[in-house]
Number of protein chains: 2
Amino acid sequence: MEFYEVIRTRRSVRSFKKDSIPKEVLDRVLDASRVAPSGSNRQPWKFILVKDETLKQKMISACDHQKFIADAPLIVVACGQKLSFNRGGYMKEMSMLIDVSIAFTHLILAARAEGLGTCWIGAFNNDEIKKLLQVAEGYEVVAATPLGYPSENVFTEPRGRKKLDEIVSENKF
Amino acid sequence: MEFYEVIRTRRSVRSFKKDSIPKEVLDRVLDASRVAPSGSNRQPWKFILVKDETLKQKMISACDHQKFIADAPLIVVACGQKLSFNRGGYMKEMSMLIDVSIAFTHLILAARAEGLGTCWIGAFNNDEIKKLLQVAEGYEVVAATPLGYPSENVFTEPRGRKKLDEIVSENKF
C-alpha cells in the first residue's frame with residue numbers, strides 16, 4: 001500500500017472478526033517493528049503475542065475492562081527495558097518509552113498496510129499484566145493493541161485533529 | 001512510495017545537501033504527524049521548525065555538539081505537553097513521550113517517503129533548547145531531527161538488528 005494512504009487511513013479499530021492472521025502477514029507486521037530505530041540502537045523492546053483465550057480474557061480486566069480487545073485473534077503487548085539512557089536530562093529511565101513507541105508505531109502502521117485493525121491501548125495496569133505474562137524484571141509494559149481483521153470497513157480519514165498552524169511554528173514556540 | 005519500502009530503507013542520515021525543501025513537500029511531512037493518534041486524542045505536541053542560521057548553530061551545542069544537524073536546511077524540534085494522563089500507573093507526566101514519539105515517527109517515515117533524510121536526536125539539553133526556542137511552560141523537548149536531502153544515497157537496509165525470535169514470544173515474556 002502507498003505510504004500516505006497508510007498514514008491517512010489508519011484508525012483505532014474496536015470491532016474484530018475472529019479470522020486468524022496468516023503467519024506471513026503477522027511476520028511482516030512484526031518485522032516492521034524489528035527494524036525500527038532506537039537510541040544507540042539498543043532495541044530495548046519485547047513483544048508478547050497473547051493468543052491463549054484464558055489469558056486474553058484476563059487481559060480485559062488488566063486493560064480497564066475494554067472487552068473488545070479479546071475479540072481479536074491476538075493481543076500484542078509491547079514491553080520496554082528500563083535503561084539509564086537519560087534523554088534531555090529529564091526522562092531518566094522513562095526514555096525507553098520513546099524507543100518502544102517508535103517500534104510500536106511501525107507495527108500499528110504495518111498492520112494497516114495489511115488491512116489489519118489495531119487500537120493503541122494506553123489504559124492498563126502495568127503490574128497486573130507483568131504478573132499475567134511473566135514479564136522479566138527490569139521491563140515495563142508500554143502499550144498493547146488487539147490485532148485482527150476489522151468487522152467492517154473502518155479505514156477512513158481521521159477525525160478531530162488540530163490544524164497544521166496550531167501545531168507548527170517557526171524558530172520559536 | 002510503497003509502505004514497506006519506507007520502513008525498510010529509512011536510515012539515520014548525518015550528511016545533508018544545502019537544498020531547501022519545497023513547501024508542498026514539507027507540508028506533507030508535517031501533515032503525517034498531524035494525523036497521528038494520541039491518548040484520548042489530546043495531540044499534546046508542538047513542532048518547531050528551526051530555519052534561522054544563528055539558532056541552528058546554537059542548536060549544535062544544545063544537542064551534544066552534533067555539528068551535522070546544522071548542515072540541513074532545517075531542524076525540527078518536537079515538544080510535548082506534560083499531562084496528568086498516567087499510563088500503566090507508572091509513567092506519570094512522562095506518558096506524553098509516547099504520543100509525541102508516535103507523531104514524530106510519522107514525520108520521520110514521511111520524510112523518507114519524500115527522499116528526505118532525518119536523524120532522531122536523543123542527546124540534547126532540554127533546558128537549553130527550551131530557552132533558545134522560548135518553549136512554553138508545561139512543555140518539554142522530546143526529540144529533534146535535522147531535515148534535508150541527503151548528500152549521498154544512504155537509503156539502504158538497516159544494520160545490526162536483533163532477530164525476530166529474540167524480540168517476540170507467545171503468551172509469556
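Just so it is clear, none of the values below were taken in a lab; they were calculated from the coordinates. Only a predicted model underlies this, so the values are computations on that prediction, with no experimental measurement involved. Positions of Cβ are generated from backbone atoms using ideal geometry, with glycine treated the same way; all protein chains shown enter the neighbour counts.
For the residues A:11, B:112, what sequence is obtained by ranking on other C-beta atoms within 10 Å, fewest first?
Values: A:11 18, B:112 22.
Fewest to most other Cβ atoms nearby, the residues stand as A:11, B:112.
How far is residue A:155 from itself in the other copies, in nm, if each label sits 7 Å out from Cα along the Cα-Cβ line, shortest first?
In nanometres, ordered from closest: 2.2.
Report, as a whole number in µm² per second, the diffusion coefficient that Stokes-Einstein gives for region B:17-149 at 10 °C and 1.306 mPa s using the Kirkwood radius over alpha carbon pairs.
Values: Rh = 15.0 Å.
Stokes-Einstein gives a translational diffusion coefficient of 106 µm²/s.
To one decimal in nm, how far is residue B:22 from the same spot in the other copies, if labels go 7 Å from Cα toward Cβ? Please give the shortest first.
The answer, with the shortest distance listed first, is 3.7 nm.
Take residue B:28 and residue B:2, extend 7 Å from each Cα along the Cα→Cβ direction, and tell me the distance between the two endpoints in nm.
In this crude label model, residue B:28 to residue B:2 measures out at 1.8 nm.
Taking the Cβ of each residue in A:14, A:87 as the centre, tally the other Cβ atoms inside 10 Å and list the residues starting with the fewest. Each step should come with its number before you reach the end.
On the way: A:14 17, A:87 23.
Listed from fewest to most nearby Cβ atoms, that is A:14, A:87.
Quick one: dipole size for the protein assembly as shown, taken about the Cα centre, charges +1 on Lys/Arg Cβ and -1 on Asp/Glu Cβ, in debye to the nearest 20. Walk me through the numbers on the way to the answer.
Details: 52 positive and 44 negative charges, 59 e Å.
Its charge dipole is roughly 280 debye.
Grab the Cα-Cα distance for residue B:131 and residue B:67, subtract it from 0.36 nm times how many residues apart they are, and report the gain in nm with one decimal. List each step's numbers first, then the result.
On the way: separation 64, 0.36 × 64 = 23.04 nm, distance 1.97 nm.
Full extension from residue B:131 to residue B:67 adds 21.1 nm.
For region B:103-120 and region A:116-135, what is the separation of their C-alpha centers, rounded to whole Å?
Going from one Cα centre to the other spans 28 Å.
Take the cross-link list A:46/A:131; A:18/A:131; B:56/B:131; B:82/B:131; A:17/B:162 and give me the ones stretching past 23 Å between alpha-carbons. Write out the running numbers ahead of the final one.
Details: A:46/A:131 15 Å; A:18/A:131 27 Å; B:56/B:131 14 Å; B:82/B:131 17 Å; A:17/B:162 32 Å.
Flagged as over cut-off: A:18/A:131; A:17/B:162.
With +1 assigned to the C-beta of every Lys and Arg and -1 to the C-beta of every Asp and Glu, and no other charges, what is the dipole magnitude of chain B about the Cα centre in debye, to the nearest 20? Don't skip to the end; give the middle numbers.
On the way: 26 positive and 22 negative charges, 40 e Å.
Using only the charged Cβ atoms, the result is roughly 200 debye.
Based on other C-beta atoms within 10 Å, arrange A:48, A:108 from fewest to most. Walk me through the numbers before you get to the answer.
On the way: A:48 25, A:108 29.
So the residues, fewest neighbours to most, are A:48, A:108.
Taking each label point as 7 Å beyond Cα in the direction of the beta carbon, state the distances from residue A:127 to the same residue in the other copies, shortest first, in nm.
Result for residue A:127, in nm, nearest copy first: 3.4.
Bin by bin, in steps of 5 Å, what percent of the Cα pairs in region B:1-74 do you find, going until the bin that has the longest distance?
Per 5 Å bin, starting at 0, the Cα pair percentages come out as 3, 11, 15, 21, 21, 18, 9, 2.
Going 7 Å from the Cα of residue B:12 along its beta-carbon direction, which residues of region A:1-44 have the amide nitrogen within less than 14 Å of the resulting point?
Residues A:36-44 fall inside that zone.
Can you compute 3J(HN,Hα) from phi for each residue in region B:22-27, using the Karplus curve 6.51 cos²θ - 1.76 cosθ + 1.60 with θ = phi - 60°, rounded to whole Hz and x for Gly and Pro?
x, 4, 5, 5, 4, 5
Looking only at the protein assembly as shown, where both bridge partners belong to it, what percent of the DSSP beta bridges are antiparallel (to the nearest 5)? Present the calculation step by step, with values, prior to reporting the outcome.
Details: 35 of 43 bridges.
Of the beta bridges lying entirely in the protein assembly as shown, close to 80 percent run antiparallel.
Using only helices, what value at 222 nm comes out for chain B when you add -39,500 (n - 2.57) per DSSP H run of length 4 or more and divide by the total residues, to the nearest 500 deg cm²/dmol?
Working: 6 runs with 58 residues, N = 173.
That calculation yields -9500 deg cm²/dmol at 222 nm.
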